[in-house]
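J.: Here it is, the structure, as structure tokens.
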């Protein structure tokens, strides 16, 4: 009787145990095959859109020389915006398009790829974005192909926290000049604020070390830029309200002092409080 009971238990174990391991294996595979979330676009593309533009000065009948403080701040931001828009057009377009596609998992390589076509300046390209989880982060590589010109050029690479709280990117200049040019560092905080910094890292360049740093805060002036010019060893600081549009700028080289220079909600110069 005991022998029969023993064999019955053994038989049941033979049936159940493989099933348990199979179920466990399915759960593991399912977890592994879930693609990591793409880093936010705000961690790749700096927001230049919520700073006032020259069109806002047309709302007032004031003469142009009353906008000198805001105007100087605007020109500094615009200079970086134009430079980045031209130099990073292809990387920016390639990253934005990734959000419209699904990743494919490669079990042998333990990574995922997003493969798709995109356009920049009316020219078509093929992009292959690769992501691999390493500890608490995801490592990224973007390779771009232009038919008849270059193939699988590693245009940028980086790392982002799985929690989406921060990361970095390193961008190459171009296939013709395959040197590093921009380092991007970004952060998202639990209070809803964030920041992103572009630093010039082109080897041997006079502007190497120059940067533009944009962020949001919970203060009345809830937006800011910090722009550092390596050649002049000069830091330009800009703070403003994203809702009222008043703000101030500080630039020792330009103003020959370390004081804030203010503008009001109409962007006109005012004495700082």
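J.: With under 21 Å from residue 215 (Cα atoms) and at pLDDT 95 or above as the only criterion, which of 170, 138 stands out?
T.: On inspection, the qualifying residue turns out to be 170.
J.: Let me ask another. Just the residues that are within 21 Å of the chain's Cα centre (by Cα) and either within 22 Å of residue 71 (Cβ to Cβ) or exposed (fewer than 15 other Cβ atoms within 10 Å of the Cβ) (or both), please, taken from the stretch 187-206.
T.: 189, 190, 191, 192, 193
J.: Moving on to the next point. Any idea how many residues of the stretch 230-259 are crowded, with 17+ Cβ neighbours inside 10 Å and over 20 Å from residue 192 (Cβ atoms)?
T.: So the count comes out to 10.
J.: Being under 16 Å from the mean Cα position of the chain (by Cα) and under 22 Å from residue 44 (Cα atoms): is that true of residue 213 here? Spell out how you get there, then give the answer.
T.: Numbers: under 16 Å from the mean Cα position of the chain (by Cα): yes; under 22 Å from residue 44 (Cα atoms): yes.
When the stated conditions are applied, residue 213 passes them.
J.: Being within 20 Å of the chain's Cα centre (by Cα), more than 26 Å from residue 125 (Cβ to Cβ) and free of Cβ contacts under 8 Å to residues at least 60 places away in the same chain: is that true of residue 226 here? Reasoning before the result, please.
T.: On the way: within 20 Å of the chain's Cα centre (by Cα): yes; more than 26 Å from residue 125 (Cβ to Cβ): yes; free of Cβ contacts under 8 Å to residues at least 60 places away in the same chain: yes.
Yes: the conditions hold for residue 226.
J.: So, one more: Do the conditions hold for residue 117, that is, is it more than 30 Å from residue 203 (Cα to Cα) and at pLDDT 95 or above? It would help to see each step written out before you state the result.
T.: Working: more than 30 Å from residue 203 (Cα to Cα): yes; at pLDDT 95 or above: yes.
Criteria met by residue 117.
J.: Pairs needed: first member in the stretch 111-133, at positive phi and outside any strand (DSSP E or B); second member anywhere, at pLDDT 95 or above and surrounded by fewer than 16 Cβ atoms within 10 Å (Cβ to Cβ); C-beta distance under 7 Å; at least 6 residues apart or different chains.
T.: The qualifying pairs are 121/89.
J.: Could you check residue 173 against (1) surrounded by 14 or more Cβ atoms within 10 Å (Cβ to Cβ); (2) within 28 Å of residue 70 (Cα to Cα) and say which number it fails?
T.: With respect to (1) surrounded by 14 or more Cβ atoms within 10 Å (Cβ to Cβ); (2) within 28 Å of residue 70 (Cα to Cα), residue 173 is out only on (2).
J.: Here is a follow-up. For the stretch 231-273, enumerate the residues that are touching a residue at least 12 places away in the same chain (Cβ under 8 Å), touching a strand residue (DSSP E or B) at 6+ places or on another chain (Cβ under 8 Å), assigned to a loop (DSSP other than H, G, I, E, B) and more than 22 Å from residue 48 (Cα to Cα).
T.: 259, 272
J.: Go through the stretch 58-76 and report how many residues are at pLDDT below 95, surrounded by fewer than 17 Cβ atoms within 10 Å (Cβ to Cβ) and not in a loop (DSSP other than H, G, I, E, B).
T.: Number of matching residues: 4.
J.: Please find, within the stretch 34-57, the residue that is modelled with the lowest pLDDT out of those that are over 20 Å from residue 142 (Cα atoms) and in a loop (DSSP other than H, G, I, E, B).
T.: 52
The values are calculated or read from the model by the stated rules, or taken from the named source; none is laboratory data. Not measured: the values here are computed from a predicted model. FYI the Cβ positions are ideal-geometry reconstructions off the backbone, even for glycines, and counts take in every protein chain you see.
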